[in-house]
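Let me begin by presenting the structure, written as structure tokens, before commenting on it.
Taken together, the values in this text are just the output of simple stated rules run on the coordinates, not laboratory data. On a predicted model such as this, the values are computed, not experimentally measured, just so you know. Don't worry about glycine lacking a Cβ; one is built from the backbone with ideal geometry, like all the others, and counts go over all protein chains shown.
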Amino acid sequence: MKAITSAASTKKSRLAAIWSAWSKYKYLYLLMLPGFIWYLIYKYLPMYGLIIAFKNFNFAKGIWGSPWVGLAHFEFLFSYPDFYRIVKNTIMMNVYELLFSFPAPIILALLLNELKNIVFKRWIQTIVYFPHFLSWVVFGGIVIQLLSPNEGLVNQIRTAFGLDTIHFMVMSDYFRPTIITSLILKESGWGAIIYLAALSSIDPEQYEAATIDGANRWHKLLHITIPGIRNTIILLLILKIGTMLDYGFEQIYVMYNPSVYDVGDVLSTYIYRIGLQDARFSLTTAIGLFQSVIGFVLIWSANRVARRFSDNSLW
């Protein structure tokens, strides 16, 4: 009897605490309401369409009227030779991005943080931020023009030095480096904003104390600056690992062509071709579900590792 009474009182105290928090922060919760509604409409309600992956979807019959096929689409995917090539391309592109593009904003933020001339620093920030606001259609077109074998600036410089012209956009060996380099040029400045914000939260007295102790800039970087943004790096790294089977559609679609499908065709472009162009919606939904499941496993695993080796994680 005492246990029941204790459980009832505990439940009442929890409800009272929830009501107290709601009363105290009700306006903040109301500000969060539009975000919750957006996620509900655009993230959770579309999950209803996942059943298409287990059906032979037909527009005329609708989702519920289309016949069930079970795991037939998944069996087709895992027995389709090109599917493994496309998955490999997607993973390789993300690995290259993780190795070269992910550190670029960190390095840029650290360099900008060392600039003492405020006017010069703002000019540099404006220059490196600007490419982010260009669409991939525009920026990709600029890259293609620069690498053009006939009129491109890069090949003109090579020709001036007596080197052979390179067809960058149609050669598989150069396609991935071109994609990663263009991504770094376009997004590094924008990505550095997050790290600059993290750097601004470091207590300046730590640098003053280090200077008194005789530390140089390298020592300050290793023992104050990088540890100060470590949590931010870990969080963004976890989120990046969770998208290892998803690579930006716009960039690849603008810059690739059939001659580099062997290294440039990723899951997002493959879904576009067979989903919208060939109208095989059930198959593309199966691919999307496969991506989501693997992404969840990756982000959960990365979070577990982060919790084990550091004091920071997503949850």
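Among 276-289, 78-91, how do they line up by average Cβ neighbours within 10 Å per residue, starting with the highest?
Going from most to least packed, we get 276-289, 78-91.
Hey, which lysines would be in cross-link range of LYS55, C-alpha to C-alpha under 29 Å, not counting anything within fewer than 8 residues on its own chain?
LYS43, LYS88
Note down the magnitude of the dipole of the chain about its Cα centre, charges +1 on Lys and Arg C-beta and -1 on Asp and Glu C-beta and zero elsewhere, to the nearest 20 debye.
Dipole about the Cα centre, nearest 20: 1520 debye.
Would you mind calculating the gained length between LYS26 and PHE59 on full extension (0.36 nm times residue separation, minus the Cα-Cα distance), in nm to one decimal?
That works out to 7.4 nm of additional length.
At a Cα cut-off below 29 Å, give the lysines reachable from LYS116, other chains included and same-chain residues fewer than 8 away excluded.
Reachable lysines: LYS186, LYS220.
Which net charge results for the neighbourhood of LEU146, defined as the other residues with beta-carbon distances under 14 angstrom from its beta-carbon, given Lys and Arg at +1 and Asp and Glu at -1?
Within the 14 Å Cβ shell, the charges total +1.
What is the local net charge at TYR84, summed over the other residues whose Cβ is closer than 15 Å to its Cβ (Lys, Arg +1; Asp, Glu -1)?
So the environment of TYR84 carries a net charge of -2.
For SER182, what is the net charge nearby, where nearby means another residue's Cβ is under 13 Å from its Cβ and Lys, Arg count +1, Asp, Glu -1? Mind showing how you got there, number by number?
Numbers: positive: ARG176, LYS186; negative: GLU97, GLU187, GLU250.
So the environment of SER182 carries a net charge of -1.
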